Amino acid sequence: MAHTARSRRSAAVLVALSLGVMALTACNSDGDKDAAAPDTSASPSASATSRGAETPKTVDPIDDSDGDDSGASSGSGGSTPSSEPDAEDGQDGGVGMCETTDLTYNVTVASRPVNHALLTAANSSGEACLLPADELVITIPGLDGAAEHTGPAGEDWILKPGEKAYAGIMFSRADTAGGKSADKVEVSLSPAESPATVVIDDGPVTVNDGQVTSFFGSAEDALTY
C-alpha cells in the first residue's frame, strides 16, 4: 500500500511538471508575438516613417534684404530682354534707301562751264532716306546708252525732307562737231528703277556726248567736273 501511494504521488508530480512546462512554452510564444507586432501607440509621423513615407522638405525663403531679385525673376520664368537690334530696322537706324519716286528733279542749262547742265534733286517724300551718290543714271534721248560717270566718287548720305542734292551733266564736247538736239533727260537713282523724264530748262541743247557726276551737297561742286 505504501508503494502504491508513492507511485501516485510521483505521477502527480510528473503531471504538475508537465503542466508547468506547457505554461512556460505558452508564455514564451505570446512574448514572441508581442515583440513582432508594431507599436501602435507611436506618433503618426513615426508610423508614416515606418511605412516608407517621405518627410516633406523645407524650402528656405528668398532673401531680398540686399535688393537682388534675380532669384525671383528666374523662378517666375522671366527672360532677359534681348540687346539684339530690331530685325525690321534697315541700315542707318531704319532709314531706307531713296527711290527715284521719292525725289523731284530739275535740269537747268549752266552758264559755266559751257555745254553743261545742273541737275537738282529734292527729297519730296516727307521722310529722310539714304541717297545713293554713285548710282545715278542719266539717259539722253538721241544717244545710245547712259551717260558715263566723271569726277570723284561721292558718299551716300541721309537726305532729309526738303533737302537737295546736285549733279553736273555734260551734253557735248567743244572739240566734237555736230550732234542732236534734246530738250529732256531721263533720271533714275539706280539702274534697276524706272526713270523719271525731266524737261531741260532753257533747252534744247545740242548733244554729242554724255557724262554725269555723282551727287554732291552743293551746285558749285557738281559743276566743277
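The values are calculated or read from the model by the stated rules, or taken from the named source; none is laboratory data. These numbers come from a predicted model, not from an experiment. Note that each Cβ is placed from the backbone with ideal geometry, even for glycine, and that neighbours are counted across all protein chains shown. Note: accessible area is taken over every heavy atom of the protein model, side chains too, but ligands, DNA and RNA are not part of it. Shrake-Rupley method; radii C 1.70, N 1.55, O 1.52, S 1.80 Å.
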(message) Looking only at region 98-122, filter to residues that are surrounded by 17 or more Cβ atoms within 10 Å (Cβ to Cβ) and in a loop (DSSP other than H, G, I, E, B); which one of those is modelled with the lowest pLDDT?
(response) Asn115
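How about region 123-164: which of its residues are part of a strand (DSSP E or B) and among the aliphatic types (A, V, I, L, M)? Before you say what the answer is, go through the steps one by one.
Taking region 123-164 first, the residues part of a strand (DSSP E or B) are 123, 129-131, 137-139, 146, 148-149, 157-159, 164.
Leu130, Leu131, Val137, Ile138, Ala146, Ile158, Leu159, listed by residue number.
For Lys180, are the conditions met, namely being in contact with a Pro (Cβ under 9 Å, 6 or more places away or on another chain), more than 24 Å from Glu99 (Cβ to Cβ) and either in contact (Cβ under 8 Å) with a residue 40 or more places away in the chain or among the basic types (Lys, Arg) (or both)? Reasoning before the result, please.
Working: in contact with a Pro (Cβ under 9 Å, 6 or more places away or on another chain): yes; more than 24 Å from Glu99 (Cβ to Cβ): yes; either in contact (Cβ under 8 Å) with a residue 40 or more places away in the chain or among the basic types (Lys, Arg) (or both): yes.
Yes, satisfied.
For Ala153, indicate whether it is at pLDDT below 95 and closer than 15 Å to Leu103 by Cα. Let's see the steps before the verdict.
Values: at pLDDT below 95: yes; closer than 15 Å to Leu103 by Cα: no.
Answer is no for this residue.
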(message) Being touching a strand residue (DSSP E or B) at 6+ places or on another chain (Cβ under 6 Å) and either within 14 Å of Ala121 (Cα to Cα) or aliphatic (A, V, I, L, M) (or both) is the filter here; which residues of region 170-200 pass it?
(response) Met170, Ala182, Val185, Glu186, Val187, Ser188, Pro195, Ala196, Thr197, Val198, Val199, Ile200
(request) Check region 207-223 and report whether any residue there is open to solvent by 50 Å² or more (accessible area, probe 1.4 Å) and either within 15 Å of Asn115 (Cβ to Cβ) or assigned to a strand (DSSP E or B) (or both). (result) no
(request) Output the qualifying pairs, or none if there are none: Cβ atoms under 6 angstrom, residues six or more apart or on different chains, first residue in region 157-169 and farther than 28 Å from Leu143 by Cα, second residue surrounded by 15 or more Cβ atoms within 10 Å (Cβ to Cβ) and not hydrophobic (A, V, I, L, M, F, W, C). (result) Leu159/Asn123; Pro161/Asn123; Glu163/Asn123
(request) Tally the residues that are closer than 23 Å to Ser218 by Cα, of a type in the set (A, V, I, L, M) and open to solvent by 40 Å² or more (accessible area, probe 1.4 Å), restricting the search to region 156-183. (result) 1
(request) Please go through region 184-196 and pick out each residue that is open to solvent by less than 80 Å² (accessible area, probe 1.4 Å) and part of a loop (DSSP other than H, G, I, E, B). (result) Leu189, Ser190, Glu193, Pro195
